[in-house]
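Structure record follows, encoded as structure tokens.
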Amino acid sequence: MIRLPEGFVSTIKNGHKDKGENWLLDLNRLISECESRWEMKIGDPFDLSFNFVAPAIRSDGTDVVVKLVVPGEEFHFEVEALRFFNGKGIAQLIDVDLDKGILILERLRPGSTLASLENDEEATYIASQVMKKLWIPAPHTSMVPTTVQMEKKLLEIHSEHKDGIGPISSEILKEAVETYGVVNGMMSNPYFLHGDLHHYNILKTGSQSWLAIDPKGLIGVREYDIIQYLLNKLPHENIVSVIEKRIEIFVEQLGLDKNMILSCGFAHSVLATTWTVQEDGCFDEKFFAGMNAFRSLGKEFGSL
């Protein structure tokens, strides 16, 4: 029987309520089922956050990763993304059980994250090369969310909070909604995006290669998919200059539009900040600082 960290148990229960509690009670049985069904031995889990993820060795000696999640809509989006990317720039999907929330994935070794690199410019360059492999023009039909839905979510929040929410004023909310409208209005050739691409979701494989993991799936302009990266692993000081340097590398390597990046960054960081306020009444200072950085750079660049 695998002992689960208390923080992970609390996250599952708080996020999924009764469904999460039942899933936790059934988890050890589900692990045993995976071992029998795929002829594998599952090892001790990695650091757990929102899903159960652990290494495993199959009977033929193949190293894989087993990911068990509480089944739901987001899991279906992840599976669609993995199937659509099909191992290009991302860990390969080996097998899946949609109803039971089971994923069997390629294991990346050594598996160190991009966050382990101290040189920020080197890390950003590597991320750009992963993105270059990953992004594909979106299919005409897809289940995954679009940035238009992100705009609608922020509009709903603005409608419910006329005087603002947390540290976000009503004026900022209105400006962010309008910015989303501009971004989505220019989306003539949407791309299928990772949706949560940052330092901790890019892993080293082999001596020089890097691949993405854990896609959420999103359809929008390419510039939108770099925002999570820009908001992650920021220093306590000189945030604006670090974000600006990262943007310069992405623009140079991927041919992205700086104006669009700043607009996407401002709109998304406002939405992300409001989400954290809705969760527990507090706000994520990282997202809020990012919002101010994008707004500052946007006004300087003339995009906001």
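The values are calculated or read from the model by the stated rules, or taken from the named source; none is laboratory data. From a predicted model like this one, the values you see are computed outputs, not experimental measurements. Here the Cβ positions follow ideal geometry from the backbone for every residue, glycine too, while neighbour counts run over all protein chains shown.
Overview of values
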{"read-out": "Qualifying residue in region 240-248 (condition: buried (at least 19 other Cβ atoms within 10 Å of the Cβ), within 16 Å of the chain's Cα centre (by Cα) and in the same structural domain as L117 (by TED's automatic domain parsing))", "value": "no"}
{"read-out": "Candidates I126, I136, I94, I90, filtered to the one that is of a type in the set (V, I, T), under 19 Å from Q228 (Cα atoms), in the same structural domain as E21 (by TED's automatic domain parsing) and out of contact with any Cys (no Cβ under 7 Å at 6 or more places or on another chain)", "value": "I90"}
{"read-out": "Counted residues, region 34-71 - those being of a type outside the set (A, V, I, L, M) and out of contact with any Lys or Arg (no Cβ under 8 Å at 6 or more places or on another chain)", "value": "17"}
{"read-out": "Selection from region 85-105 of residues that are buried (at least 18 other Cβ atoms within 10 Å of the Cβ), under 20 Å from H198 (Cβ atoms) and not aliphatic (A, V, I, L, M)", "value": "F85, G89"}
{"read-out": "Test: residue in region 113-135 that is closer than 14 Å to Y200 by Cα, outside any strand (DSSP E or B) and in contact with a Gly (Cβ under 7 Å, 6 or more places away or on another chain)", "value": "yes"}
{"read-out": "Test set (1) without any contact (Cβ under 8 Å) to a residue 24 or more places away in the chain; (2) touching a strand residue (DSSP E or B) at 6+ places or on another chain (Cβ under 9 Å) - S241 fails condition number", "value": "(2)"}
{"read-out": "Restricting region 111-139 to residues that are of a type in the set (S, T, N, Q) and crowded, with 17+ Cβ neighbours inside 10 Å, the residue that is farthest from L193 (Cα to Cα)", "value": "T113"}
